[in-house]
Every structure is written in C-alpha cells, then in structure tokens.
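For reference, the structure discussed in these notes is given below.
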Protein chains: 2
Amino acid sequence: MSQQRNERPGGSASRPARSAAGLPANGSPAHGLSDRGAPLSELPDLPEATVARLPEYLRALHVLAERGDDVVSSEELAHAAGVNSAKLRKDLSYLRSNGTRGVGYDVGQLIDKIEHVLGLNQHRAVALVGVGNLGQALAGYGGFGSRGFHIAALFDVDPARIGDRIAGLPVRHIDDLAEVVALERIAIAVIATPAHAAQTVTDALVDCGVTSILNFAPCVLSVPENVDVRKVDLAIELQILSFHEHRKATLTALPEAIS
Amino acid sequence: MSQQRNERPGGSASRPARSAAGLPANGSPAHGLSDRGAPLSELPDLPEATVARLPEYLRALHVLAERGDDVVSSEELAHAAGVNSAKLRKDLSYLRSNGTRGVGYDVGQLIDKIEHVLGLNQHRAVALVGVGNLGQALAGYGGFGSRGFHIAALFDVDPARIGDRIAGLPVRHIDDLAEVVALERIAIAVIATPAHAAQTVTDALVDCGVTSILNFAPCVLSVPENVDVRKVDLAIELQILSFHEHRKATLTALPEAIS
DNA sequence: GCTTGTGAAACGTTTCACAGCC
DNA sequence: GGCTGTGAAACGTTTCACAAGC
C-alpha cells in the first residue's frame, strides 16, 4: 500500500502518479517522438496550477454565456475569475489557444474546449460515502448537475440509515459498494465519514476500482499511486485564516515604519 | 472596492495584502532595521506553502500526543502528515526550529509552537452566514472546538428560518450582523449562501470589520486588500479530479511506449 | 489600436545532500 | 550512528514586456 502524496502548494491535494517506470522524469519527452503526434484532441500536459484554475474559468464563462456575451477579452475573463490577465492568457495558451488578437476569446468555443480538457463531456457518476451531517448536505446540494457530475449512490455503515432516502437516493450499505460501482461505472468517490473510518472506506473504494477520491475527513489517506486524492478540511482552512488574522493583529500592534 | 486576489497555486484562496505603502516590495527589510528585533515570538514571515501545511502537522501531532508519544522524528511526522521529511524539516526550520539532532522533535513543544504561530491560543469566534443545506451541516460539525474555533453566531435572510435553533444556536437575521460581530469579537466568517447572495453578504461582513472569510459559494468575492478570502468549491475539486480521470483514461487507451 | 500569444526574467517551492550536533 | 538544520540546485509558477496578428 503506497503512501499518499499530499504535496500540492495551495494546501489541499495530492498528485497523480507521474513517471511510473522508466520515463525521463522531467516532463518533456526527450526527442520529439510522440510529442505532438496526437490526432486532434490530445492533452498538452498542463501544469497542475493551470488545471486547478480551469474550473474557475469555466464557471466564469458560464456566467458570461448566460448574460449573452459571446466574446470576452482576457482582461474581462481574468477579472471574473479572480486572476490576472497574463496568467489567464498563459493558461489558455496551453490549450492550444484560440483567441483572436485584437478581439478576444469566443465564449462558447472556450467553454467547449475547457469542458473537453477536463473530461466533462460525459456526466460523471460519483459515489458518496458517509451520510452524516456533511454527507447529507452534499447529497442535497443541487449544483452538481450543471457542473458535470451527479451523485449516483450513497453509502453508510450505520444500519439505522440504510434504506433512508436522501434527495431521492436510497442509502445503501457499504458492502454493496463493489456491485454499485461496477453497475454505475463510478470512478470518483467523495468520503464524508468520520476520520477513523476513512482509511477503511478508502481501501474498499480502491479495491472496487475507484481512482479519484475527494476526502472531507480530517486525515491523510494511503492510496496506490494510480489513485488521486484531493482533500478538503474545514478546520485547516480556518486555521490558515487564523494565521493571517494573527499576523494582521501583530502588524497593527507594533505599527508603522514608513510614513 | 478592490479586487480579490485569488492567486494561490493549489487552487483555493487569496492572499494577504503585502507591501501596502512604500515597502521594498521584495520580502526582506532592506537594511537590517527591525529585522530580528522582535521580543521573543515574532513571526518569521513564513512562506505561504508552509503556512498551509502547518495545520496538517498540527493535526498529526495531536494524534501522536494522544497515543502518548512525546518525541517524533521528521520522518515519522512527515509520513503522518503526508509529506516528505525534507519538506517538513524545512517548514519547521522557519519556526526557529527546536528539534534535537539524533533524536527528533518534542511533540508537546511543537504543538505549542505551531498553535502559537497560527494564533490558536485564543479560541476564535466564527460567524456562519447562510443556514441552508450546507450551512446547517457546518453548524452541526463538532470538530471545531478541538481545533481552535467555535461558531458563535448563525445568520440568514430567510424570515422562515430566523429563530430556529441549530446545534443550540439561534439563527439571527443578517441585519443583526454588526451588533453580534462587535459583541462576540468576531473576525472570521464562513459564507454558505447561494452564489447570488455572497457578494452582498461579503460587503456587510467587511463593513462590520470582519477580515477573514471562508467562502463556500461558487463565485469570486471582491474585498478590500486587508481582507483575506479562502474559497472551497466542491464542484471545482471534482472537476480537477475529473481531469486526472480523463488523463488516466486516455493514457491507458493509447498505451505504453516503454517496457 | 487593441488584444492575444509567448519567450525570458523573477519569484516561490521542493528536493538534494551533507555538515553539524546529539 | 542517527537525525536535525540548511545552503545550493532543481523545478514549477507567475509576471513582464513586447512581437505577432487581427
């Protein structure tokens, strides 16, 4: 059982397993072989930081599209997504960019491209494990459908909860995991169990073939290297804010040095 | 109203306002003045990436402490926190480190130090705005107390909800925000409203003097530069996972090049 | 003229590798 | 002998600034 790589800068994720066997270890495929030999839609090996921002661009684009805009400049879009325009342009350039100089980007086209790169063409079925407080809230959250996902199954261990319906879905016993995952072709799971159960659940998920996990339990998960884990920990987010509060407080306590 | 800086690499936060007035703009205070003149506990200007990991170390340390360990090596602690040991040691070295060579770190001492740096000595009061699905789940989450926070007040706009009690706390109307924030000395707020309400709520919070916001609404917030915003967006996390799923799928479709 | 696309510089973060110390 | 602390190298990301193109 290999160990979780939890090294993402911003503080909440692990990474995919690059360079498994004898790969060059630095990104670029040494001598042009296979480099851009892809038919049409090959993934140009995006930087992780870019990948993490594409969904935000996508959200902003949908807002623009709804407003009826069909062209947007890097400046506008960057503003709407909360980044600066140079970064946005660089990010989009990795997608074999398709803006028009002097004009901007075609909103619809850009939406299609980003959705394609993120693999959102097919709606993805997600399993949710743990229907406590948080799990129920996540199950009830309506916003997924429009963003490429649907929760296809709910699981718990508590016999008292099995059979309950939440947002129209029955809660199933975790023993049914393998069956349902296969049936619904589930590759992504959300863990909303207490920390002490999370590793056991993870092992079960991995055994069923789930290869992406979003973990809300406050603990580190061990997974094989082909499995991706991202983590969301509420208390950690608050603690990071606390640090900045603390710093702001001490900065204003011992005051100015310039004026 | 200045714009949100939402530039954190890992994909979910904005940054504190550095270099407000005539500061040198690069980190170090040009000529030794004030540099390490601090009394005892001065914050050594930690890298953001380090700040984001300290809470994870803290969590892991608490687990160790509960097990009765009182010394831990960088290797062990790093493993428990899901990072590698070099990174851990570098991170701890910014805290004017206090491990013992050949031995390891004192668990209790390290907990104290990290808690102090994060400003967790005082329990921090947090306001939660929006008691829908997610808001209720957050309000009911018991794990805060042990990690330095307590939810001190709940707010909503929906008249039907005002007066309800959730986890022992009454839901108050958002018009009472200023009063309660002052009374409870609240500096941190969590936004769990729909996206369309989030900016209005943010403006109200900022007006009351709140300077840190954790935003669960899927939108970008505009805040003055002294206010920190971190963002958690479920759908974005799933979309990032989707990208990696997509990539894994296409990698196994057009298979090996080495063997 | 205005906006994209992009090399190159600047910056931040991680990893290496080993000296320093117990 | 074993583990910490840390310069220096490697790597990744952001920003700058301007050439290319509509």
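Numbers below:
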quantity: Considering residues of the range A:82-99 that are open to solvent by 80 Å² or more (accessible area, probe 1.4 Å) and within 6 Å of DNA strand C (Cβ to nearest atom) only, the residue farthest from the other protein chains (Cβ to nearest Cβ); calculated: A:R89
quantity: Which numbered condition B:R67 fails, given (1) within 14 Å of chain A (Cβ to nearest Cβ); (2) over 26 Å from A:R230 (Cα atoms); (3) buried (at least 16 other Cβ atoms within 10 Å of the Cβ); calculated: (3)
quantity: Filter pass, A:L154 being in contact (Cβ under 8 Å) with a residue 24 or more places away in the chain, in a helix (DSSP H, G or I), in contact with an Asp or Glu (Cβ under 9 Å, 6 or more places away or on another chain) and not charged (D, E, K, R); calculated: no
quantity: So A:D158, is it more than 21 Å from the chain's Cα centre (by Cα) and under 30 Å from B:G142 (Cβ atoms); calculated: yes
quantity: Search result, residues across the range A:87-113 that are away from DNA strand D (no atom under 16 Å from the Cβ) and either without any contact (Cβ under 8 Å) to a residue 40 or more places away in the chain or of a type outside the set (G, A, S) (or both); calculated: A:V107, A:L110, A:I111, A:D112, A:K113
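The values are calculated or read from the model by the stated rules, or taken from the named source; none is laboratory data. Values in this document were obtained by computation on a predicted structure and should not be read as measured data. Cβ: placed from backbone, ideal geometry, glycine included. Neighbour counts: every protein chain shown. Accessible surface is based on the protein model in full, side chains and every heavy atom, while ligands, DNA and RNA are left aside. Shrake-Rupley method; radii C 1.70, N 1.55, O 1.52, S 1.80 Å.
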